[in-house]
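Chemist: One structure, pasted below without further comment.
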Amino acid sequence: MKPRILYLSFNDGSDMRINKEVRTLNQIARVELMALGPDPAQCFVASDVDTLHFVKGERTSPGTLFRYFARSSFLLAFRRYDSVHIINEPQLLVLWPLLWLQKRVVLDIFDSIFLRKNQPGNQLSWLKKLVYAPVGLCIVTDENRLKLLPDFMKKKGSIVPNYPYYQTSLPPKERTAGLTLLYYGWLGEQRGTMTVRSLLAADPALKVIMAGWLADESSRLLTQHPRVEWLGVIPQAEATKIAARRADYILCVYAPINDNNINASPNKIYDAIQTRTPVIINAEVKVSDFVRDTRIGYVLPRYKVEDYAQVADALLHQRESFKFDEELRRSCTWESVEGTLKEVHRLDIL
């Protein structure tokens, strides 16, 4: 019989990275997925798991949070898994005592609470040793994020990048007279909403396709703009199809307000490579150097620019000038790295 993995997502099952990880792990184990959200239909990975534990309700609701952690606590207390996969530190803190009961704990860090508090590396090392104590191994998204772990955790770290699935064929790009931007994923004032609003005001011909999770009121208001096409939460496969066919650019900006944003490792970079659609990113984000060096996108000189009309004009005139190396496209795929994820759980040595 296959080994069992408990995957604690703290998401409704629509997150792109969580979808890929769950599908990969289900190839080698019976995966039980803990998920929460208002709509079970948005758990796009439901058919790819052995068991789905879905807590219905708003993620910000105290009642929903209580039910999620109560169910997670019950599973950890009364079942023995071959491995437990847990997303980010907040869940780790809440479930910390019960994780000691399990054979192996794998921590998946792609939105670190310590980086959001500007405490990278060995800063607060005493606290990190306590928080990370139940963790046997951890996963980060790139080499830079691995360097930002405390020294005692680096030896436990493995890199599983935010690569998408390989696209065997791409549709022809549908160009229009004006620009079309794709703004998707986690949608917030400091993750793109301010930039989109400013570009819409500066360029009356610009249109925006918007999809994902609304984080604040300003982003909700943006969905009502007459030149914004709001799609709600959609699967990654649909987002990449839209990028490949309709988008001139994928928006990928981060306000440089903390180490987490400055050291972002966005899947949009690799979606851009896979769909041959350039990104727009700001220079404060470290991965912008990669974007510039590989010529896969437009780098804003800073997060807040002075003349958005000038930026919009430059984007329009440069949209055909970006290059996408086929070797890079073939190497930056989920298929090329999912073996690392399987190895981290070490089910072969049970």
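Chemist: Could you give the nm distance between label points at Ile159 and Ala177, where each point is 7 Å from its Cα heading toward the beta carbon?
Modeler: Placing both labels 7 Å along Cα→Cβ, they lie 4.6 nm apart.
Chemist: With the contact rule set at Cα under 8 Å and sequence spacing of 6 or more, what percent relative contact order holds for region 38-125? Before the final figure, lay out the partial values.
Modeler: Working: 71 pairs, mean separation 19.2, N = 88.
Rounded, it is 22 percent for region 38-125.
Chemist: Which of the listed residues, Tyr165, Gly297, Tyr68, is farthest toward the dipole's positive end in the chain, when Lys, Arg count +1 and Asp, Glu count -1 at the beta-carbon?
Modeler: Tyr68
Chemist: So what is the relative contact order for region 180-331, in percent, with contacts set as C-alpha pairs under 8 Å and at least six apart?
Modeler: Working: 253 pairs, mean separation 32.1, N = 152.
Contact order relative to length: 21 percent.
Chemist: Below 28 Å, Cα to Cα, which lysines can Lys103 reach? Residues fewer than 8 away in the same chain don't count.
Modeler: Within the straight-line limit of under 28 Å, Lys103 reaches these lysines: Lys2, Lys20, Lys128, Lys129, Lys147, Lys154, Lys155, Lys156, Lys342.
Chemist: Rounded to the nearest whole Å³, what is the per residue volume of the convex hull around the Cα atoms of the chain?
Modeler: Working: hull volume 47.5 nm³, N = 350.
Spread over its residues, the Cα hull of the chain gives 136 Å³ apiece.
Chemist: Sticking with this one: Is the shape of region 180-331 rounded, prolate or oblate, going by the alpha carbon gyration tensor and its root eigenvalues a ≥ b ≥ c, with a/c under 1.5 for rounded and a/b larger than b/c for prolate?
Modeler: Details: a/c = 1.28, a/b = 1.20, b/c = 1.07.
The shape class here is rounded.
Chemist: Report the trypsin sites (Lys or Arg not before Pro) located in region 105-136 that are in a DSSP loop and have at most 13 other Cβ atoms inside 10 Å of their Cβ, or state none. Intermediate results must be reported in sequence, preceding the final value.
Modeler: Numbers: sites: Arg116, Lys117, Lys128, Lys129; in loops: Lys117.
Here the trypsin sites (Lys or Arg not before Pro) that fit, given the DSSP loop and packing criteria, are Lys117.
Chemist: Also: I'd like to verify something in the chain: which complete DSSP H helices, judged by Cα projection on the helix axis, reach 20 Å or more and average at least -1.0 on the Kyte-Doolittle scale?
Modeler: Numbers: long enough: 62-78 (24 Å, 0.68).
Once both thresholds are applied, what remains is 62-78.
Chemist: Given axes a ≥ b ≥ c from the Cα gyration tensor, I'd like to know whether region 1-146 is rounded (a/c under 1.5), prolate (a/b larger than b/c) or oblate.
Modeler: Numbers: a/c = 1.45, a/b = 1.34, b/c = 1.08.
Verdict is rounded for region 1-146.
Chemist: Can you list the GluC sites (Glu not before Pro) in region 161-221 that are in a DSSP coil and have 11 or fewer other beta carbons within 10 angstrom? Working shown, then result.
Modeler: Numbers: sites: Glu174, Glu189, Glu217; in loops: Glu174.
For GluC sites (Glu not before Pro) across region 161-221 that sit outside H, G, I, E and B with at most 11 neighbouring Cβ atoms in 10 Å, the list reads Glu174.
Chemist: By per-residue mean of other Cβ atoms within 10 Å, what is the highest-first order of 234-246, 275-287? List each step's numbers first, then the result.
Modeler: Values: 234-246: 18.8, 275-287: 22.0.
Ranked by mean Cβ neighbours within 10 Å, highest first: 275-287, 234-246.
Chemist: How high is the relative contact order of region 191-278, given as a whole-number percent (alpha carbon pairs under 8 Å, six or more residues apart)? Show your work: numbers first, answer last.
Modeler: Values: 82 pairs, mean separation 23.9, N = 88.
Across region 191-278, relative contact order equals 27 percent.
Chemist: Nearest 5 is fine: what % of DSSP beta bridges in region 201-301 come out antiparallel, could you say? Intermediate values should be presented prior to the final figure.
Modeler: On the way: 0 of 9 bridges.
Antiparallel bridges: around 0 percent, rounded to the nearest 5.
No lab work stands behind these numbers, since they all come straight from the coordinates. All values derive from a computational prediction rather than experimental measurement. All Cβ positions, even for glycine, are placed from backbone atoms using ideal geometry, and neighbour counts span all protein chains on display.
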